[in-house]
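The values are calculated or read from the model by the stated rules, or taken from the named source; none is laboratory data. This is a predicted model, so every value here is computed, not measured. Cβ placement follows ideal geometry from the backbone for every residue including glycine, while neighbour counts extend to all protein chains displayed.
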Amino acid sequence: MTESSVRDKAPATTPDIVAMAERYPEPQEKPTYWRSRTRSLLKHAGLIAFGLVMLYPLLWMIASSFKPDAIIFREPGLWPTDVTLENYTEGWNALLHPFSHYLLNSAIIVAGSLVGNLVACSMAAYAFARLEFRGRGLWFAIMLMSIMLPIHVIIVPQYILFSELNWINTFLPLIVPKLLATDAFFIFLMVQFFRGIPRELDEAARLDGCGHFRIYFRIMLPLSLPALATTAIFTFIWTWNDFFSQLIFLTRPDMYTVPVALRTFIDATSESSWGSLFAMSIVSLIPIFLVFLFGQKYLVKGIATTGIK
């Protein structure tokens with residue numbers, strides 16, 4: 001037996017034990033079950049409280065839509081003491097046309113905007129993601145910079161242009177620009193998604209004799225359902241809630257959309273119909289709620305898979 005083996009088998013002395021303890025400290029105790037449970041309960045309680053604070057204005061508006069105008073601001077609680085449905089019946093017929101007329105106007109603009117953004121933005125995104133052309137990087141950078149351009153900068157030139165075309169008080173100023181891929185955010189969204197699709201699929205399609213249009217329609221669009229759904233949901237919500245552009249281009253009462261029609265319930269020179277306003281606001285929120293409810297999974301999947309990092 002050699003000297004080194006004897007040294008290895010010799011019992012460790014006190015200094016050796018101290019040195020090993022300093023080098024390999026004992027792991028700290030993990031939080032107990034009740035401590036982690038308490039933290040989890042406190043976290044969820046805080047989230048619930050924060051959610052209630054965020055939902056309180058909506059709940060108050062729903063409750064106020066069932067109150068007479070005289071007690072809406074006199075009784076700010078969520079539980080009405082006097083329940084009435086007159087706000088809904090009066091608000092539906094309070095304006096020049098039934099409220100369904102303004103819902104139809106908004107639906108026409110939303111439908112045109114949906115078609116325009118889905119078709120034009122997806123085609124522009126395919127060009128940036130798959131085609132090779134001179135100045136592609138420059139044009140892509142200009143497209144991204146247009147996202148930071150506020151609408152107030154371009155609204156006056158747009159109004160002058162559309163006025164010369166006699167498009168004021170028509171739906172064309174709100175629909176035609178969508179057909180020209182003016183929403184850079186959706187182009188960027190789809191470009192990021194298209195870049196995640198393997199190019200081997202394009203090469204295989206070219207071997208079968210497909211051109212760019214068949215690749216776009218047969219391969220890219222079917223695989224881009226999450227990005228298209230995200231574009232459709234955001235377009236619906238933003239167009240349905242748009243007030244500024246619709247107020248500028250639609251000045252005739254029969255052309256009003258839902259946001260502009262809701263504004264007419266408030267009159268600075270006379271008494272405002274707050275109950276009717278709240279009732280019709282609840283009606284106008286129903287389409288947005290349904291779209292978000294049924295499209296939530298596509299919205300989350302689309303944002304998660306578009307490569308925005």
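A few notes on this one:
- Residue count, the range 105-151 (criterion: outside any helix (DSSP H, G or I) and closer than 22 Å to Asp242 by Cβ): 2
- Of all residues in the range 104-126, those satisfying the criterion of being more than 21 Å from the chain's Cα centre (by Cα) and under 14 Å from Ala261 (Cβ atoms) are Leu104, Asn105.
- Restricting the first member to the range 164-190 and to residues that are within 21 Å of Ile142 (Cβ to Cβ), and the second to residues that are surrounded by fewer than 18 Cβ atoms within 10 Å (Cβ to Cβ) and of a type in the set (Gly, Ala, Ser), the beta-carbon pairs closer than 7 Å and six or more apart or on different chains are Ala184/Ser146.
- Lone unmet requirement of (1) touching an Asp or Glu at 6+ places or on another chain (Cβ under 8 Å); (2) closer than 19 Å to Gly275 by Cβ; (3) surrounded by 15 or more Cβ atoms within 10 Å (Cβ to Cβ) for Cys121: (2)
- Residue that is nearest to Thr231 (Cα to Cα), among those in the range 266-309 that are modelled with pLDDT of 90 or more and of a type in the set (S, T, N, Q): Ser284
- The set of residues in the range 81-93 being hydrophobic (A, V, I, L, M, F, W, C) and modelled with pLDDT of 85 or more consists of Leu85, Trp92.
- Consider the range 130-141 and keep the residues that are among the aliphatic types (A, V, I, L, M) and at pLDDT 90 or above. The one that is surrounded by the fewest Cβ atoms within 10 Å (Cβ to Cβ) is Leu138.
- Residues (surrounded by fewer than 16 Cβ atoms within 10 Å (Cβ to Cβ) and assigned to a loop (DSSP other than H, G, I, E, B)) located in the range 159-212: Leu165, Asn166, Asn169, Gly196, Ile197, Pro198, Asp208, Gly209, Gly211
- Residues of the range 223-258 that turn out to be outside any loop (DSSP other than H, G, I, E, B) and either over 22 Å from the mean Cα position of the chain (by Cα) or free of Cβ contacts under 8 Å to residues at least 40 places away in the same chain (or both), as a count: 8
- Scanning the range 61-80 for residues that are hydrophobic (A, V, I, L, M, F, W, C) and touching a Pro at 6+ places or on another chain (Cβ under 7 Å) yields Ala63, Phe66.
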